[in-house]
Structures are given as structure tokens and as C-alpha cells.
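Chemist: I have a structure here, written as C-alpha cells, and I will follow up with some questions on it.
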Amino acid sequence: MPFLMTKSRRPTTAYSYLYAPQLVITFALKHFIATLLSEVRPVSRPVPFQTQKAAVNIGEHLSAWRKLRGMTAQQVAERAGTTRQSVARLERGDPSVGLEIFLNVCRALGILDAVVTSTDPYETPFGRARADQALPQRVRR
């Protein structure tokens, strides 16, 4: 056991310092804070019901497209440049999957152009009715 010199110049063991009340409390407090910080996770916002339902529907549609093309999830993942797990999460309707992965999977399935066209505002009656109006650079309230 190593010996340490104290103010009184008498040697004591390193373990004798662990029993000093201040050191024990300091150690316990540091350990408690470290435990709290390691378990802190960012609070995620709840996903609105309609958004979750839309994500599930889109996932089912992508799964159907994949099966119609006769492709496995692994083949789609390789063509999309992602993992099979990400494709599975997308097909399950996980809304946290990134837009890039979604678009790459659509490209791998050959439906990217249809997805882009479906979000074109000028393909809707509302958008065509307002097509002659100039769009503002930004909308202020």
C-alpha cells in the first residue's frame, strides 16, 4: 500500500482519504452528476397522428413498390446507398428516417419522378388557379 505524507508529516495510506466526509460526499456527488448526464436523452416531440398515419401509408406503398419490382430490402438498400435496417424503418413508417434516405429509396424503386411531381403545387387545381400570380420571396405575418 503506498504511503502519502500529510500535513502532520506522518505517513497514511491512500485509502484513509476515502473515509473523510468531504471526499466521500464530493465523490458521490460527482458520480451522481456523471450518471445523470450519461442518461440524459433529448426530449423528442410527439409525432402528430396524421403525420404518423401518413408515414405508415407511405411505408406500405414503398414496400408494395419493392415487392412489385421483385426486389429484396437488401437490394433496395444497396441501390439507395443505405442499410437494410433503414429501408425496413422506412417501410414500417418510422417518421424519423431522413429525407435523403427516402428520396434515395424512391430513386432505387424508380418512383422518384412521381414523388417529385406529386409535390408540385402547379399540378393541383389550387396551384393552377394561382399560377399567374408572382410568388413572394418570403411570407410575413
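Rule-based calculations on the coordinates, nothing more; no lab input. These numbers were taken from a predicted model, which means no experiment stands behind them. In this analysis, Cβ positions are derived from the backbone assuming ideal geometry, glycine residues included, and neighbour counts consider all displayed protein chains.
Chemist: Take the alpha-carbon positions of region 49-120, form their convex hull, and give its projected area averaged over all directions (one quarter of the hull surface) in nm².
Modeler: The Cα convex hull of region 49-120, projected and averaged over all directions, gives 4.4 nm².
Chemist: Using Cβ counts within 10 Å as a stand-in for footprinting exposure, how do 72, 82 rank, fewest first?
Modeler: Fewest to most other Cβ atoms nearby, the residues stand as 72, 82.
Chemist: Moving on. Evaluate 2.2 N^0.38 Å with N set to the residue count of region 80-141, then give the Cα radius of gyration divided by it.
Modeler: This ratio for region 80-141 stands at 1.53.
Chemist: Next question, about the same structure. Using the Karplus curve 6.51 cos²θ - 1.76 cosθ + 1.60 with θ = phi - 60°, work out ³J(HN,Hα) for each residue of region 123-131 in order, rounded to whole Hz, and write x for Gly and Pro.
Modeler: Residue by residue, region 123-131 yields 8, 9, x, 4, x, 5, 5, 9, 5 Hz.
Chemist: Estimate the FRET efficiency between residue 113 and residue 74 by the formula 1/(1 + (r/R0)^6), using the beta-carbon distance for r and 35 Å for R0, to the nearest 0.05.
Modeler: That pair, residue 113 with residue 74, gives E of 0.90.
Chemist: Where does each of 124, 119 land when they are ranked from fewest to most other beta-carbon atoms within 10 angstrom?
Modeler: The fewest-first ordering by Cβ neighbours comes to 119, 124.
Chemist: I'd like the FRET efficiency for residue 139 and residue 45, computed as 1/(1 + (r/R0)^6) with the beta carbon distance as r and R0 of 25 Å, rounded to 0.05.
Modeler: Efficiency, from the Cβ-Cβ distance: 0.60.
Chemist: How do 132-138, 51-57 rank on mean C-beta neighbours within 10 Å, highest first?
Modeler: Those peptides, ordered most packed to least, come out 51-57, 132-138.
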